[in-house]
Amino acid sequence: MNIIELSEPLHEIIFFLLEIGVILGSLGVVLFNNIVYSAFFLGLVFSCISLSYFALNAEFVAAAQILIYVGAVNVSIVSAVMLINKPNSSKMFPSWAIGDKITFLICSSLFLLLVSVISNTPWSNITLITESKALLEVDFTKNVQHIGYLLLTQFLLPFELLSIILLVALIGAIVIARRENFVKTNRKRELQIKKDFTVF
Amino acid sequence: MLEHVPNLGAYLFCIGIFGLVTSRNMVRALMCLELIFNAVNINLITFSNSFDTQETKGEIFVIFIIAIAAAEAAIGLAIVLAIYRNKNSTRIDQFNLLKW
């Protein structure tokens, strides 16, 4: 069930605008010298991708993308950029070395290969097969409840392992990034704790 | 219509690989890695929408990918901050202490 019932040309126009946003945003992430611009263009890419998830009938994943990617990952990246940014050049776009040009050739050839594979796949045959199969099954509308049901029955083990991964990542990131307290002896042979104040 | 979104995913993937290989800043490499994850997610959601509308297995896989990418970004940024605290530079080609 579509969350937005739109006419077909409006659907196409919205998709076109979102694709333009993603294309320009990803170019901005890669090409800018100033890394703060790159971080904000990354936020633009995440938001455009989330809006296209809404148009692709994936409402829960769109909300999760906004919350997690824009709200947590992008904010962490921007805060890390603010802490370690040293602006050292006044040009907007960096000049390319010879390795950059070779990588550009390889990546563009990879892109052309992928596009040719996608355009040579008979998509209409596959949609015919899956739609004829879907007519035979029980038709209940897909919604967030079904995702929750699958997460707790069929995908229970990955779900629990994911929670363990998140716990370990949380503890590990705090342990790695906290500041060190140095313990040293001063002249009176006493142990003294010296705090490291160089970075926050 | 169906072909445009995997094309967009392929474009994001190639731009992500290009940025990851040619970036001289560590945080930009992490940002391009997130672009690669999003390219894969777009493909999975498109195929789940077109071929698997009853059981949304593609969406569940995307949920797992989003969570793991967030955990990995957090740990990557913690490592970047620890390295910057010790060496006071963010150039990715100067961290060759583990090279033989």
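Worth a mention:
- Only lysine pairs 8 or more places apart, or on different chains, with alpha-carbon atoms under 24 angstrom apart are counted in the protein assembly as shown, and they number 11.
- Probe 1.4 Å, all protein chains present, accessible-area order of A:24, A:42, largest first: A:24, A:42
- Residues of the protein assembly as shown: accessible area per residue with a 1.4 Å probe, Å²: 58 Å²
- Chain B - mean residue ellipticity at 222 nm from DSSP helices (-39,500 (n - 2.57) per run, n ≥ 4, rounded to 500): -27000 deg cm²/dmol
- With a Förster radius of 45 Å applied to the C-beta separation of residue A:119 and residue A:154, the computed FRET efficiency comes to 0.85.
- When the solvent-accessible area of chain B is split by element, carbon and sulfur atoms take up 65 percent of it, the probe being 1.4 Å.
- When only Cα pairs below 8 angstrom with a gap of at least 6 residues are kept, region B:11-53 shows a relative contact order of 40 percent.
- Amide H within-cut-off set for residue A:96, under 5 Å, with H built and near neighbours excluded: none
- Based on C-alpha pairs under 8 angstrom that are at least 6 apart in sequence, chain B has a relative contact order of 28 percent.
- Global form of region A:50-91, assessed from the alpha-carbon gyration tensor, a/c cut-off 1.5: oblate
- Phi angles across region A:28-42 convert, under the Karplus curve 6.51 cos²θ - 1.76 cosθ + 1.60 with θ = phi - 60°, into 3J(HN,Hα) values of x, 5, 7, 9, 6, 6, 6, 6, 5, 4, 4, 5, 6, 5, 5 Hz, Gly and Pro given as x.
- From phi via Karplus (6.51, -1.76, 1.60), per-residue ³J(HN,Hα) for region B:77-89 in Hz, x at Gly/Pro: 5, 5, 5, 4, 5, 5, 5, 5, 5, 7, 10, 6, 8
- Which of A:54, B:64 is most accessible, then next, and so on - probe 1.4 Å: A:54, B:64
- Based on Cα contacts under 8 Å between residues 6+ apart, region A:1-86 shows a relative contact order of 30 percent.
- In Hz, Karplus ³J(HN,Hα) per residue of region A:19-27 (6.51, -1.76, 1.60; θ = phi - 60°; x = Gly, Pro): 5, 4, x, 5, 5, 5, x, 5, 5
- Sorting A:164, B:60 by solvent-accessible area of protein heavy atoms yields A:164, B:60, largest first, with a 1.4 Å probe.
- Nearest-0.05 FRET efficiency for residue B:64 and residue A:143, computed from C-beta distance (R0 22 Å): 0.70
The values are calculated or read from the model by the stated rules, or taken from the named source; none is laboratory data. What you see is a predicted model; the values in this text were computed from it and never measured. Every residue, glycine among them, receives a Cβ derived from its backbone with ideal geometry; neighbour counts consider all protein chains shown. We work out accessible area using only protein heavy atoms, side chains counted, and drop any ligands, DNA or RNA first. Shrake-Rupley method; radii C 1.70, N 1.55, O 1.52, S 1.80 Å.
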